[in-house]
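Here's the structure, in structure tokens; my notes come after.
The values are calculated or read from the model by the stated rules, or taken from the named source; none is laboratory data. As the structure is a prediction and not an experimental result, all values here were calculated from the model. Heads up, the Cβs are rebuilt from the backbone with ideal geometry, glycines too, and the neighbour counts pull from every protein chain shown.
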């Protein structure tokens, strides 16, 4: 058999390759580069890997990228400025300059700092209560059957109630004031933390728990070393969602009636038709929301460094 | 398991042991009698008896679903529902098919997981050095290659100085070349530290390369118990090796042509 092939190879012209074997023949050999298709595939893979790498670390391209990312924002501000000057819109649009002027005026009278601090305190209080309870009860429900049985059915029953629908009830219960607002924000932030913590814990690969047990870790240390760190990505998602809804419910809460806070600034500006001051408050809302998000992203970068390990050589 | 009068293998049986590959058959480290395990009335292990001697390397072969992983889990103490007499040492460690390193802990912290004392980092680093992974001690597990991860998992088992090392198809998930290297590493580490080893595998050659004894599990029983009396390091082309391979493959129900019948 072998000799037969050799014989034919000798007879055929030199231009015809003697081994037109299918490429699969050599592909299992590590480092095989005999077939052009294989080398091609390899280089393709390599470039994909470099591209992945570049997304994470290319500091050289950060400059132009930052410029590109700012372009949209600059365009919007330019459009805003143009709309304000041209008056094509029937409503009153203050120009960015006018908004800035309104901001500095409000700042000089101390209205910004004072009201901002009141609002931030409300959010912080509500968030600490609601998210804290969500984290604790989500952990209990994730870890223990009894916790799940106690907390999950009631949560499922009330989770579809919109926050805004609770406003009248909370006003009756707590009156118009900080207590009602704190309760509202707590209610809103509970859900995201509870749900994500619970599912984060339930989604942990039991094989990690089993491995840790086989290395002599007791229940408490399994929770500390395996369960909670494993659920952390989910918990952080829950925190980000909770921050967003906390902000949202603050606006709802402060829209009811308040004598201090950003919502007060907003309603006050509405009464005097001061669109420039209304814009100031909106810009503050946007800026604070952005800052919170950036802060949480940084937290994720630190806390989930192991997660980012994927793709970085 | 409390055992009185443990032999100090450094002194009492050194001469005898070196001739017989350091096996001390008189003291079983693992002793299973009449072990049964069923899942939903399906019997996986039926009245199984097994002894593993101190320092002995036992390979457990079997087709998928033959109950070999169940047996390993029972010996590892991970299966509470098994019946029968189960005597295993307290100091035991498992290396799983998937490395099961916690992704949120750096490699050395994975190795040191659950170790007592303040010098746990030193112990972890020493163990990592033994498997050639010292320079990866601070890496995140997700950045390791398959072979590196298995070596780290080996270090995590070894750092506990186990009396019994349980290997659950630890080479199944790595590529063929890496598998050779990790197998050689396991052989070297076993000769250095001499734990009793129970290796679960479906690879007959792997069993014959590493083990003192090869068992074939079939239908919940040990169908075949073969002493592998080959000198180490083993040559997979030697006549005895090939004969043993034929025997074991036959026991596993794999039909193979007689050696020498082909070509």
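Counting only residues that are under 22 Å from residue A:128 (Cβ atoms) and touching a residue at least 40 places away in the same chain (Cβ under 8 Å), region A:234-274 holds 25 of them. Say we look at region B:83-101 and pick out the residues that are at negative phi and buried (at least 20 other Cβ atoms within 10 Å of the Cβ); which of these is nearest to the other protein chains (Cβ to nearest Cβ)? The extreme case among them is B:94. The sole residue among A:224, A:238, A:200 that is within 13 Å of chain B (Cβ to nearest Cβ), under 25 Å from residue A:298 (Cα atoms), surrounded by 21 or more Cβ atoms within 10 Å (Cβ to Cβ) and at pLDDT 90 or above is A:200. Looking across region B:113-123, the residues that are over 20 Å from residue B:170 (Cα atoms), within 14 Å of chain A (Cβ to nearest Cβ) and at pLDDT 90 or above come down to B:120, B:123.
Output the residues belonging to region B:166-213 that are within 14 Å of another protein chain (Cβ to nearest Cβ), touching a residue at least 40 places away in the same chain (Cβ under 8 Å) and surrounded by fewer than 24 Cβ atoms within 10 Å (Cβ to Cβ).
Scanning region B:166-213 gives B:168, B:169, B:173.
Taking the criterion of being within 12 Å of chain B (Cβ to nearest Cβ), within 31 Å of the chain's Cα centre (by Cα) and assigned to a loop (DSSP other than H, G, I, E, B), the residues of region A:203-217 that qualify are A:204, A:205.
Any idea which of B:182, B:186, B:200 is within 19 Å of residue B:96 (Cα to Cα) and assigned to a strand (DSSP E or B)?
B:200
Here's the yes/no breakdown for (1) under 23 Å from residue A:209 (Cβ atoms); (2) in contact with a helix residue (DSSP H, G or I) (Cβ under 9 Å, 6 or more places away or on another chain); (3) modelled with pLDDT under 90:
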residue: B:33; (1), (2), (3): no, no, no
residue: B:39; (1), (2), (3): yes, yes, yes
residue: B:60; (1), (2), (3): no, yes, no
residue: B:74; (1), (2), (3): yes, no, no
residue: B:77; (1), (2), (3): yes, yes, yes
residue: B:86; (1), (2), (3): yes, yes, no
residue: B:95; (1), (2), (3): yes, yes, no
residue: B:101; (1), (2), (3): yes, yes, no
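In the set (1) surrounded by fewer than 16 Cβ atoms within 10 Å (Cβ to Cβ); (2) touching a residue at least 12 places away in the same chain (Cβ under 8 Å); (3) assigned to a helix (DSSP H, G or I), residue A:152 fails one condition alone, (1).
Among the residues of region B:223-239, some residue qualifies, meaning at least one is at pLDDT below 95 and part of a helix (DSSP H, G or I). The single condition among (1) within 21 Å of residue A:92 (Cα to Cα); (2) more than 24 Å from the chain's Cα centre (by Cα); (3) surrounded by fewer than 18 Cβ atoms within 10 Å (Cβ to Cβ) that residue A:255 does not meet is (1). The number of residues in region A:241-281 being out of contact with any helix residue (DSSP H, G or I) (no Cβ under 8 Å at 6 or more places or on another chain) and more than 17 Å from residue A:122 (Cβ to Cβ) comes to 3. Of the residues A:258, A:287, the single one that is more than 21 Å from residue A:197 (Cα to Cα) and not in a helix (DSSP H, G or I) is A:258. Residues of region B:32-55 being surrounded by 14 or more Cβ atoms within 10 Å (Cβ to Cβ), touching a residue at least 12 places away in the same chain (Cβ under 8 Å) and over 17 Å from residue B:216 (Cβ atoms), which ones? Hits for region B:32-55 are B:36, B:37, B:53, B:54, B:55. Scoring residue B:130 on the criteria (1) surrounded by fewer than 23 Cβ atoms within 10 Å (Cβ to Cβ); (2) in contact with a strand residue (DSSP E or B) (Cβ under 8 Å, 6 or more places away or on another chain); (3) away from every other protein chain (no Cβ under 13 Å) leaves a single failure, condition (2).
Scan region A:218-239 and tell me whether some residue there is under 30 Å from residue A:171 (Cα atoms) and part of a helix (DSSP H, G or I).
Within region A:218-239, the subset under 30 Å from residue A:171 (Cα atoms) is A:238-239.
Within this subset, residues satisfying the condition of being part of a helix (DSSP H, G or I) are A:238-239.
Yes: region A:218-239 contains one or more residues that are under 30 Å from residue A:171 (Cα atoms) and part of a helix (DSSP H, G or I).
Against the list (1) surrounded by fewer than 23 Cβ atoms within 10 Å (Cβ to Cβ); (2) more than 10 Å from chain A (Cβ to nearest Cβ); (3) touching a helix residue (DSSP H, G or I) at 6+ places or on another chain (Cβ under 6 Å), the condition residue B:108 fails is (1). Just so you know, in region B:140-156 the residues that are within 12 Å of another protein chain (Cβ to nearest Cβ) and surrounded by fewer than 17 Cβ atoms within 10 Å (Cβ to Cβ) include one that is nearest to residue B:180 (Cα to Cα), and it is B:145.
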